[in-house]
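The values are calculated or read from the model by the stated rules, or taken from the named source; none is laboratory data. Just so we're clear, the structure is a prediction, and the values are computed from it rather than from any experiment. As a convention, Cβ positions derive from the backbone with ideal geometry for all residues, glycine included, and neighbour counts pool all protein chains shown. The area values use the complete protein model at the heavy-atom level, side chains included, leaving out ligands, DNA and RNA. Shrake-Rupley method; radii C 1.70, N 1.55, O 1.52, S 1.80 Å.
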Amino acid sequence: MSELTVFKRPEALLPVTMHYCPGCTHGISHRLVAEALDELGLRERTVGVAPVGCSVLAYDYFNCDFHEASHGRAPAVATGIKRARPDLIVFTYQGDGDLASIGMAEIVHAANRGEKITVIFVNNAIYGMTGGQMAPTTMPGQVATTCPLGRDTNLAGFPIRMAELLSALVTPAFIARGSLHSPLEVVKTKALIKRAFQYQREGTCFSLVECLSTCPTNWGITPTDSLKWLEENMLPYYPLGIKKTPEGKEA
Amino acid sequence: MAKLLMKGAEAIGEAAIAADCRLFFGYPITPQNEIPEYMSLRLPQVGGTFVQAESEVAASNMLYGAGGSGARVFTSSSSPGISLMMEALSYLAGAEVPVVIVNIMRAGPGLGGILPAQADYFQATKGGGHGDYRCIVLAPWSVQDAADLIMDAFDLADFYRNPVLMIGDALIAQMMEPVEIREGRKPCKPLAPKDWATTGNKGRKPNIINSLILDPEDLERHNRRLKAKFDSMERDEVRWASYNTDGDYDILIAAYGTPARVCLTAVNELKEKGVNVGLFRPITLWPFPYAPLREKAKKAKAVLTVELSTGQMVEDVRTAVCEDLPVHFYGRQGGILVTPDEVVEQVTALLGGARPKGARKGGKA
Amino acid sequence: MSKITIDPNKCKGCELCVKACPEQILAMGKQLNVKGYFYAQVAEQPRCIGCRICCIVCPDVAIEMAVQGTMYKYFDY
């Protein structure tokens with residue numbers, strides 16, 4: 001009886017151990033991107049851009065060309081690559097500190113210019129690599145090392161909903177939010193990511209998928225409790241689903 | 001290409017196109033606006049791409065992406081905008097990405113003014129960004145010079161896989177002068193294929209454009225490999241010119257960019273009065289021509305450095321001549337251009353003549 | 001019949017697979033891997049229904065699955 005492999009490491013991921021903390025769902029979104037590249041046959045003409053953040057070492061994990069970008073500037077670097085080589089598939093893989101804070105201008109303008117790139121935006125409501133500081137996406141009352149008594153919305157405002165914010169731009173785009181906290185949502189997020197890359201492959205529009213993600217280490221709770229925390233706290237505030245499609249209506 | 005009367009900014013753009021540059025990312029800032037404006041019109045005509053970025057920070061990172069993908073690419077800005085590009089400049093050097101950055105300098109510091117200045121010398125030559133890195137800094141003194149030097153800049157950048165800066169005061173971009181774009185000229189360096197670029201890893205290991213090296217041993221090795229590269233630039237890429245230095249002269253003037261042309265007028269005026277003065281013009285501000293300047297200074301009793309700043313290159317001039325002879329400085333700031341008369345006055349004063357009454361006191365360093 | 005393989009040295013002991021398995025056939029082992037984590041193990045291989053949820057939720061791509069004979073495809077992944 002022949003043995004059929006039904007699940008294995010995608011070719012677009014290198015056979016290396018990733019440095020992410022135990023239970024950190026970055027590893028899942030890495031795999032989803034890699035699976036999308038494999039299934040769409042894009043790996044060999046893809047260039048990724050990993051800016052500063054937990055995912056800065058992504059170039060060690062993906063089996064495709066990569067740029068390491070300075071903090072917040074991945075959408076600009078990706079613009080440079082895509083404009084130089086429109087035939088290549090270009091994606092950025094960014095965290096919430098990188099994209100929603102220092103890189104806000106870059107992401108808004110890349111989206112507004114309609115750069116034909118794909119942005120994988122991992123939102124775990126905290127700065128991971130630097131040790132758990134408050135991010136623009138940190139929840140009200142959530143404790144972080146720079147808001148030790150919990151985020152005070154009078155002082156630091158409310159968390160930014162990037163998918164909605166970018167969807168307000170007029171330039172056509174595919175913008176959606178998924179989550180990595182449950183098998184079902186992982187499967188649905190994979191579909192969103194794949195669709196984002198398809199839009200790029202067809203040269204249709206800018207695409208961004210926001211992935212709600214956990215950070216057990218800096219949230220200070222176990223990986224499995226983190227999934228529950230995400231579900232109870234982040235999900236209500238960051239509703240999942242497709243926010244914008246180039247066709248204009250909820251396709 | 002025939003000789004044309006062109007504005008410096010446009011000559012720089014046309015020369016870049018003649019050097020096969022097809023990509024420009026920029027942002028508006030006076031007094032270099034005509035460069036992005038020209039590129040936005042011309043690049044689409046030659047199958048190229050122009051992008052106006054949302055900031056100089058973004059423009060310099062677009063440069064990083066395009067350069068890392070193997071494209072010839074340049075940007076231009078003016079002093080404050082170049083300050084915003086300093087982080088990227090460090091990344092470009094660290095990740096060894098060949099690009100050209102043009103700084104059309106304006107008076108500073110801060111918002112300062114929009115008229116010509118040379119007060120970004122330190123920023124350009126001593127490293128405005130973080131970490132140990134160097135960039136070749138070219139300093140044209142005319143529109144023709146700017147058109148020639150930017151073409152060389154692309155070759156130097158590609159050859160050394162390092163960013164190259166070309167800096168000129170606002171006049172360089174704003175003047176109109178007859179210029180001949182040297183199309184089809186031979187590259188000034190042998191150029192190898194860019195097999196390190198991110199062009200899609202079909203049939204090869206991934207190419208990675210990166211400056212992050214967390215392991216200290218590896219990072220030290222990387223720093224030393226870069227240092228060896230910078231040393232070879234210092235050995236092979238020094239460029240300078242001198243004027244009226246064959247005979248004897250008591251004073252040697254050191255100046256670059258437009259002020260050097262002003263000083264040349266002064267040198268000629270003094271010559272007619274029987275006063276022989278030499279002029280030394282660095283063309284690469286880094287690597288600085290220490291040895292040639294030291295050589296030329298041997299015949300003189302004193303060196304007068306003339307800059308549009310409160311004195312920056314003067315420090316390198318002092319390093320070049322060591323303690324052998326006094327190095328004087330005369331500068332104008334605020335965007336005011338030094339005039340031939342002022343230079344003549346300064347030289348006359350240095351030669352023992354009484355300082356003419358009412359002479360504007362330049363910034364004495 | 002499906003066969004799950006967990007790479008002991010890629011597992012970081014985060015337990016996500018153990019908690020997610022609908023048949024609860026995975027468990028944390030007692031052995032330490034090269035990084036000092038107790039890695040997950042398949043406790044009751046025969047009861048595996050081949051749904052691949054463990055593979056899907058594993059953040060470290062440490063779990064692979066193979067099947068012999070026909071297998072009911074719960075969902076397209």
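Which FRET efficiency value, to the nearest 0.05, is calculated for residue B:183 and residue B:55 with the Förster distance at 30 angstrom and r the Cβ-Cβ distance?
0.35
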Which of the three applies to the range B:2-70, rounded, prolate or oblate, going by the alpha-carbon gyration tensor with a ≥ b ≥ c and a/c under 1.5 meaning rounded?
oblate
Note, ³J(HN,Hα) from phi for the range B:119-128, Karplus 6.51, -1.76, 1.60, rounded to Hz, x at Gly and Pro
8, 9, 4, 4, 4, 6, 9, 9, x, x
D (Stokes-Einstein, µm²/s), Kirkwood Cα radius, the range A:23-91, 0.692 mPa s at 37 °C:
266
For residue A:6, list long-range residues whose amide hydrogen, built 1.01 Å from N in the peptide plane, is under 5 Å from its own amide hydrogen.
C:65, C:66, C:67
Pairs of lysine residues in chain C - Cα separation under 19 Å, sequence separation of 8 or more or cross-chain
8
If exposed means GluC sites (Glu not before Pro) lying in a DSSP loop and surrounded by at most 15 other beta carbons within 10 Å, then the longest stretch of chain B lacking such sites spans residues B:1-179
Hull surface over four for the Cα convex hull of chain B, reported in nm², is 19.6
Could you tell me the calculated FRET efficiency between residue B:225 and residue B:130, based on Cβ-Cβ distance and R0 = 22 angstrom, to the nearest 0.05?
0.75
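Give me the summed buried accessible area for the C-A pair, 1.4 Å probe, to the nearest 100 Å².
The contact between A and C buries close to 2500 Å².
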Using a 10 Å cut-off on Cβ to Cβ distances, tally the other chain neighbours for every residue of A:100-113 and report the average as a whole number.
2
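Could you pull out the chymotrypsin sites (Phe, Trp or Tyr not before Pro) across the range B:20-108 that fall in loop regions by DSSP (anything but H, G, I, E, B) with no more than 16 other Cβ atoms inside 10 Å? The partial results should precede the final answer.
Details: sites: B:24, B:25, B:38, B:50, B:64, B:74, B:91; in loops: none.
Loop-located and lightly packed - none at all.
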Using only DSSP helix segments of four residues or longer, with each worth -39500 (n - 2.57), what per-residue ellipticity at 222 nm results for the protein assembly as shown after dividing by its residue count and rounding to 500?
-9500 deg cm²/dmol
With all protein chains present, the range A:171-251 has a carbon and sulfur share of its accessible area (1.4 Å probe) in percent of 56
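Just to confirm, what accessible area per residue do you get for the range A:26-244 at 1.4 Å probe, in whole Å²?
30
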Summarise the accessible area of the range C:2-70 (1.4 Å probe, protein heavy atoms) by the percent that is carbon and sulfur.
56
GluC sites (Glu not before Pro) in the range A:174-251 lying in a DSSP loop, each with at most 10 other Cβ atoms within 10 Å of its Cβ, come to A:202, A:250
So which residues of the range A:1-29 lose at least 30 Å² of accessible area, probe 1.4 Å, when you go from the chain by itself to every protein chain present?
A:1, A:3, A:4, A:6, A:7, A:9, A:17, A:18, A:22, A:23, A:28
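So what is the relative contact order of chain A, in percent, for Cα pairs below 8 Å that sit 6 or more residues apart?
Relative contact order comes out at 19 percent.
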Modelled label-to-label distance, residue B:3 and residue A:40, 7 Å Cα→beta-carbon offset: nm?
5.6
Comparing the chain by itself with all protein chains present, which residues of the range C:14-42 are at least 40 Å² less accessible (probe 1.4 Å)?
C:14, C:16
Just the number, please: percent antiparallel of the DSSP beta bridges in the range A:137-251, rounded to the nearest 5.
35
Report, to the nearest whole %, how much of the accessible area of the range B:1-117 belongs to carbon and sulfur atoms, 1.4 Å probe, protein only.
57
Amide H contacts under 5 Å for residue A:243, restricted to residues at least 5 apart in sequence or on another chain and with H modeled in the peptide plane, are A:175, A:176, A:177
Relative contact order for chain B: what percent, with Cα pairs under 8 Å and sequence separation of 6 or more?
17
Starting from the Cα of residue B:7, draw a straight line to each of the lysines and keep only those under 30 Å, dropping any in the same chain fewer than 8 residues away.
B:126, B:186, B:189
What number in nm² do you get for the range A:26-244 if you take the convex hull of its Cα atoms and divide its surface by four?
10.7
Identify all aspartates and glutamates with a Cα-Cα distance to residue A:244 below 14 Å; exclude those on the same chain that are fewer than 8 residues away in sequence.
A:164, A:210
Below 8 Å between Cα atoms, with a sequence gap of 6+, how large is the relative contact order for chain C in percent?
41
Any residue on another chain or 5+ positions along whose placed amide H is under 5 Å from the amide H of residue C:40 is listed here as C:13, C:29
Whole number in Å², please: accessible area per residue of chain C, 1.4 Å probe, ligands, DNA and RNA not counted.
49
Under 14 Å from residue A:8, Cα to Cα: aspartates and glutamates that are on another chain or at least 8 residues apart:
A:35, A:38, A:39, C:7, C:60, C:64
Treating only the Cβ atoms of Lys and Arg (+1) and Asp and Glu (-1) as charged, compute the dipole magnitude of the range C:2-70 about its Cα centre; round to the nearest 20 debye.
100
Using alpha-carbon positions, the gyration tensor of the range C:2-70 gives root eigenvalues a ≥ b ≥ c; with a/c under 1.5 called rounded, otherwise prolate if a/b exceeds b/c, else oblate, the class is prolate
Using only protein heavy atoms and a 1.4 Å probe, how much accessible area in total is buried between A and B, to the nearest 100 Å²?
2500
Shielded by partner chains, the range A:177-202 residues - at least 50 Å² of accessible area, 1.4 Å probe, vs chain alone:
A:183, A:187
Here the FRET efficiency for residue A:232 versus residue B:196, based on Cβ atoms and R0 = 45 Å and rounded to 0.05, is 0.40
Result for chain B: accessible area per residue, probe 1.4 angstrom, in square angstrom, of 39
Rounded to the nearest Å, what's the spacing between the alpha carbon centres of the range B:108-151 and the range A:1-70? Just the number, please.
41
Looking only at the range A:60-92, which residues have a backbone nitrogen under 20 Å from a spot 7 Å from the Cα of residue A:156 in the C-beta direction?
A:72
Along each principal axis, Cα extent of the protein assembly as shown, largest first, Å
106, 51, 47
